[in-house]
Each structure stands twice: as C-alpha cells, then as structure tokens.
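Report on one structure; see the data block that follows.
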Amino acid sequence: MTERLYYEDAYTLRFNADVVERTEYKKKPAVILDRTYFYPESGGQPPDNGQLNAARVIDVQTRETDRAVLHILEHPLDDARVEAQIDAYRRFDHMQHHSGQHILSQALSRAAKAETVSVHMSTDSMTIDVNRAAIAPEEWLAAEELANQIVQQNLSVHCWYPSVDELATLPIRKMPEVVGKVRIVDMGGFDVTACGGTHVAHTGEIGLIKVVKYERRGDTTRLEFRCGTRAMSDYRSKNDIINRLVSDLTVGYWEVPEAVKRLQADNKALRSELKLVKDQLADAEAQSLLAMAYTQGQWRVVSRAFEGRDTNEVRLLAQKIAARPDTIVLFGVAGEKSQIIFGRAQNVEIDVVPLLKQALPLIKSERGGGKPDFAQGGGVPASLDEINSALEAAQRQL
Ligand SMILES: [Zn+2]
C-alpha cells in the first residue's frame, strides 16, 4: 500500500519516490509509487495534477482492491525512480476551499441552524448543500461574517488520529462512515470534523470566504462560495463588469440596477409605440395599394411583389386590405425565404387555397396552405421575377 504523506504534510510539493508497479487505469498508463504526496480524488476534493519526471500526471485515484494510489499519466513512464512535482496553484486552491468549507459549514450551523448534508468541489465551483429549504439572506450573511472572522483570527489548524476514547469526547460536526482510525481536523477549536483532505496550517491562509449564490433545491439549499485566490479573481471579473456598466450607463455603480430598470421600461414603451406606428403605416400603405387596385368583374384586385420586406409586415398589410369588401389580395415576397400570401374579403366567393397551390410550383415550393379566405406558402429562395410570374398566373385564374 502506498505511504500517503499528504496526511501529515500538505505543503511538500516536490519529492522523490520509487515506482513499485506499472499498470493502467481506464486505458491510460498509471504507476504506483512507494510513497506519495499526490492527493487522490476523494471526499469531494478533486485530485492533484503534476509531473513524474517527464510524464504528466493528469489524474490520481485510489485502487479499490488494495487502496494503492494510482498516478494516471498522459504518456507511459519507464523510469524506476522519479522526481515528483505537484501543481502548486491547484493544490493550494483545493486547500483553501477545503479548509474554507469546514469553517463555513460550522458557521452555517451556528448562525443559520443549517447543517451541511453534502459538499461538491470542482476546479471552478464549490458548493455546500444544507438541510434547510428557506434561509433568509441575513442568516447566510451572518454565517459568512462569522466564517471570515475565524479566517482573520488566523487560528492554527490541527490534524490527528485520536484514540477511540478521545474520539468519544470530541465535539465532532460530522462523523464519516469509516472503519478503523479516523482523521480529525480541528480549525482552531471553531470546527472539529473528520476529514481526509488537504488543509491549510492557519485559517488566515484561506483568505476571503464569499458566498456568491444560493438557491433552494427541494428540502435543501445550495450555497456556492469561493475562497482566497478564486474569490479574488471572482471579485476582479465582477468589478470589471460593473465598471463597464457604470461607464456605458454613466451612473454610479450603486445606481446600475435602477438604470437597467429604466432602460427596460423605456424599451417596453418604445416597443408599444413602434407597434402603433407600424400599424398606422400599414393602414396608409393599404390605402395607397387599394388606390392602385385593378378591377376584375365586381372585385378590386391588389397584386404586388415585394423584395426585402418582413413577411409578418406583408401579411398584416394583406389582412388590412382583405378586411375591405370586394377585395382580393395577391402578395409575394422575394428573397431567401420567399412567401406567397393570398387573401380575400368575406363577401368574395372564391377559395384562395387552390390558387396558392397552383402558384407555389412556379417558385419551386410545395409548402403552403390556409383557409378559403387566407393562405400562405413558400419558404424557398425565389427572385422577384419568379414571384411576379407566380402572381400573374394567379391573376389569370381569377
Ligand atoms: Zn477537509
């Protein structure tokens, strides 16, 4: 079994070791060392990455059969002895978040009476699920405040394996289901819990602990938080966004929410005004098209091919004209998604659907249909000439 040195010392990132076995893990080469500081994925903490001589360590896992630590490599490694290097930024980020999680879980228990039921940690997010469905913002803010006080007190973090008798006397927040000796982590007397992860030596190293999001999930609440360096880069990117908004909106940063509300209200008012104006414009256009209608028996026929016009606008125009008695509308819109739109007044006794079915093949489309008084189709590319010939064919049928 591999000697796991990270339990005693989370700060050694460079070490020498002997390769005792070469194997594979999910079709990737893997080696087992006699001793390692590499942290294998467990307890919600992602594994370390790093180097073994020239070989990149991309994953670290525990072998189920004998608990040996598998260093999973990008390329095979032939060396019998290795100089190992653990990625420092990734490891310290995990130490900050793992330690921060212990403190925040205890703070949530004390300040919000919310007990941690599960923890999830990845390289870009860290979450705690607590057993309360509704936590008021002031409650988790009080927990966040308390957690940061513990950071600022720079308390010593102590990890050890107590005897069974000593274990019974400890105020342990969460006992794991482990058989054998239990590793206890004490955050300067503030939080005592069982954990096999890597932690900082003093709470001050965690840096800021900031809850960035909370959401209700059934009977629980999920809190997302960031610590230390990740909290700093989160602050940096959000500050950058705020500064851009402040500059674009020319307001103080505290006025941004109000300014956005004003923009939304303006936008809504402009949209309804635009709708009204478009409607008036369509009325005027319908009027002028009617003036150019030709007479066919007792009907007035308005036939027109458009190019570069919005189909919805043209349909509205057709509806407005067909609302007048004695009218027949034959419209076409040329373009990438051409349309043919036929309509007629209620007192005109023709069916425009067969008219449309005869016109569509002239623009090489088969898609279209409607009701006897209004039909439309197309959707294929068609030129103005093709649209015109389709409209002329329909005129001849009247
Ligand atoms: Zn831990």
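Below is a table of values for the structure above.
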| item | result |
| --- | --- |
| Complete set of residues in the stretch 86-108 that are near the ligand (Cβ under 10 Å from one of its atoms) and among the aliphatic types (A, V, I, L, M) | M95 |
| Qualifying residue in the stretch 230-241 (condition: more than 26 Å from V119 (Cα to Cα) and either among the acidic types (D, E) or surrounded by 14 or more Cβ atoms within 10 Å (Cβ to Cβ) (or both)) | yes |
| First in the stretch 211-239 and assigned by TED's automatic domain parsing to the domain that holds K113 and without any contact (Cβ under 8 Å) to a residue 12 or more places away in the chain, second anywhere and surrounded by 15 or more Cβ atoms within 10 Å (Cβ to Cβ) and not aliphatic (A, V, I, L, M), Cβ under 6 Å, 6 or more apart | K213/E224; E215/R222 |
| In the stretch 190-215, residue nearest to the ligand (Cβ to nearest atom) [restricted to those that are part of a strand (DSSP E or B) and in contact with a Leu (Cβ under 8 Å, 6 or more places away or on another chain)] | V192 |
| Spans of strands (runs of 3 or more DSSP E) in the stretch 95-184 with at least 2 residues of a type outside the set (D, E, K, R) and touching a Leu at 6+ places or on another chain (Cβ under 8 Å) | 126-130 |
| Members of the stretch 165-197 found to be without any contact (Cβ under 8 Å) to a residue 12 or more places away in the chain and under 35 Å from the mean Cα position of the chain (by Cα), listed by number | E177 |
| Residues (in a strand (DSSP E or B), β-branched (V, I, T) and either within 33 Å of the chain's Cα centre (by Cα) or surrounded by fewer than 18 Cβ atoms within 10 Å (Cβ to Cβ) (or both)) located in the stretch 1-54 | V20, T23 |
| Candidate set: the stretch 116-145, residues that are touching a strand residue (DSSP E or B) at 6+ places or on another chain (Cβ under 6 Å) and among the acidic types (D, E); chosen: the one nearest to the ligand (Cβ to nearest atom) | D129 |
| Residue tally, condition closer than 20 Å to N16 by Cα and either of a type in the set (S, T, N, Q) or away from the ligand (no atom under 16 Å from the Cβ) (or both), over the stretch 31-61 | 21 |
| Matching residues, the stretch 55-85, being assigned to a loop (DSSP other than H, G, I, E, B) and aliphatic (A, V, I, L, M) | A68, L77, A80 |
| Close pairs from the stretch 338-367: first modelled with pLDDT under 95, partner part of a loop (DSSP other than H, G, I, E, B) and of a type in the set (G, A, S), Cβ under 6 Å, at least 6 apart | I363/S338; R367/G379 |
| Candidates P46, P76, P40 - the one that is in contact with a Ser or Thr (Cβ under 7 Å, 6 or more places away or on another chain) and more than 30 Å from L141 (Cβ to Cβ) | P40 |
| Selected residue (only one of Q264, Q358 is closer than 23 Å to I387 by Cβ and of a type in the set (S, T, N, Q)) | Q358 |
| Odd one out for W140, checked against (1) among the hydrophobic types (A, V, I, L, M, F, W, C); (2) in the same structural domain as R226 (by TED's automatic domain parsing); (3) over 30 Å from the mean Cα position of the chain (by Cα) | (3) |
| Positions within the stretch 174-189 being in contact with a Ser or Thr (Cβ under 8 Å, 6 or more places away or on another chain) and more than 11 Å from the ligand (Cβ to nearest atom), in sequence order | G188 |
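So that you can scan it fast, the table gives a plain yes or no per residue for (1) farther than 30 Å from Q45 by Cα; (2) modelled with pLDDT under 95; (3) in contact with a helix residue (DSSP H, G or I) (Cβ under 7 Å, 6 or more places away or on another chain):
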site: V212; (1), (2), (3): no, no, yes
site: V246; (1), (2), (3): yes, no, yes
site: P257; (1), (2), (3): yes, no, no
site: N267; (1), (2), (3): yes, no, no
site: V302; (1), (2), (3): yes, no, yes
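The values are calculated or read from the model by the stated rules, or taken from the named source; none is laboratory data. Bear in mind the structure is a predicted one, so any value in this text is a computation, not a measurement. All Cβ positions, even for glycine, are placed from backbone atoms using ideal geometry, and neighbour counts span all protein chains on display.
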